[in-house]
Amino acid sequence: MPGLERPAVRVLRLGLRSYEQALAAQAHCVEKHREPGPPADTLLLCQHPPVYTVGLRRAPYPASEEERLRALGADFYRTDRGGLLTFHGPGQLVCYPVLDLRRFRRGGGLRWYVSQLEGTAISLCRRLGIEAQRSPHTGVWVRDNKICAIGIHCGRYITSHGLALNCNTDLTWFEHIVPCGIIGKGVTSLSRELDRDITVEETTLPFMESFQEHFNCTLTFEDESGP
């Protein structure tokens, strides 16, 4: 992007982490942005044990429904991200960018940011031979099936939450909810579309390459266990 320095973003691969642990890691990175010092832009990559999460864009979620979902063996969290109810679980590449948007696009806002997240996932799918696309609904789709969900939070230009890409996720978890509140639509995964097992590990490197292209940044990879 002309006139802007190419930002450096560190990548922390956290492995399998509970949703609570991921929230704490994001909060730690957000706080780093508030402190004096060098830029703290970070990309957190992880998987979660089964968990349902609901965002801000709805009336309070009924306690009875929360209990029903917990009875399936999943955790449940109410969050400050945008979006509605969705599922996270093993076999899903979850990406939480904690970025200062002022370093990535002068005057760029949340629509630009969400578009870049969608573009990252679309490019990744196309690298693998899947024709994914945008739709009027947020996220990335293959025909009428969502393959990547997006829900973000942004406070004083600092982002948190992010996206979840279905690699070889057990899609039956989605049968217990209306994913993202969209009636009449389904979900899919890289594995289902390609009719072979596509793991998170296989997907991670091409995903990071796509992210680097769409955000015009330089990724630095770390093998730490994260914050």
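Coordinate-derived values only; no laboratory data. Note that the structure is predicted; figures quoted are calculated from it, not measured. Glycine also receives a Cβ, built like all others from the backbone with ideal geometry; neighbour counts cover every protein chain displayed.
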> For region 149-227, which trypsin sites (Lys or Arg not before Pro) are in a loop by DSSP, counting at most 11 other Cβ atoms within 10 Å?
Replying inline: R156, R196
>> I need to check one value: relative contact order of the chain, counting alpha carbon pairs closer than 8 Å and at least 6 residues apart, in percent.
In response: 27 percent
> Given [x] 17.4, 57; [y] 16.0, 44; [z] 16.7, 53 as candidate values of Rg and Dmax of the Cα atoms in Å, which corresponds to the one derived from the coordinates?
Replying inline: [z]
>> Just to be sure I understand: of the beta bridges DSSP finds with both ends in the chain, what percent are antiparallel, rounded to 5?
In response: 60 percent
> Given the C-alpha centroids of region 157-173 and region 1-70, what is the distance between them in whole angstrom?
Replying inline: 10 Å
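Which of the GluC sites (Glu not before Pro) across region 1-72 are loop residues per DSSP, with 13 or fewer other Cβ within 10 Å? Let's see the in-between values first.
Working: sites: E5, E20, E31, E65, E66, E67; in loops: E5.
Answer in residue order: E5.
Suppose only helical runs count, i.e. DSSP H with n ≥ 4. What mean residue ellipticity at 222 nm does that imply for the chain under -39500 (n - 2.57) per run, divided by all residues and rounded to the nearest 500 deg cm²/dmol?
Value at 222 nm, helices only: -8500 deg cm²/dmol.
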>> For region 53-103, which trypsin sites (Lys or Arg not before Pro) pass both filters: DSSP loop (anything but H, G, I, E, B) and at most 15 other C-beta atoms within 10 Å?
In response: R57, R58
> Out of residues 5 or more away from K146 or on other chains, whose amide H comes under 5 Å of its own, with H placed 1.01 Å from N in the peptide plane?
Replying inline: G186, V187, T188
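Taking the Cα centre of region 146-207 as origin, sum charge times position over the Cβ atoms of Lys and Arg (+1) and Asp and Glu (-1), and report the length of that vector in debye to the nearest 20.
Working: 5 positive and 7 negative charges, 80 e Å.
Here region 146-207 has a charge dipole of around 380 debye.
How big is the dipole moment of the chain about its Cα centre under a simple scheme where the beta carbon of each Lys and Arg is +1, that of each Asp and Glu is -1, and everything else is neutral? Debye, nearest 20, please.
On the way: 26 positive and 26 negative charges, 177 e Å.
For the chain, the charge dipole is close to 860 debye.
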> Under a plain spin-label model, where a point goes 7 Å from the Cα along Cα-to-Cβ, how far apart in nm are A8 and W112?
Replying inline: 2.3 nm
>> Among S189, G119, F221, which residue has its Cα furthest toward the positive end of the charge dipole of the chain, with +1 on Lys/Arg Cβ and -1 on Asp/Glu Cβ?
In response: G119
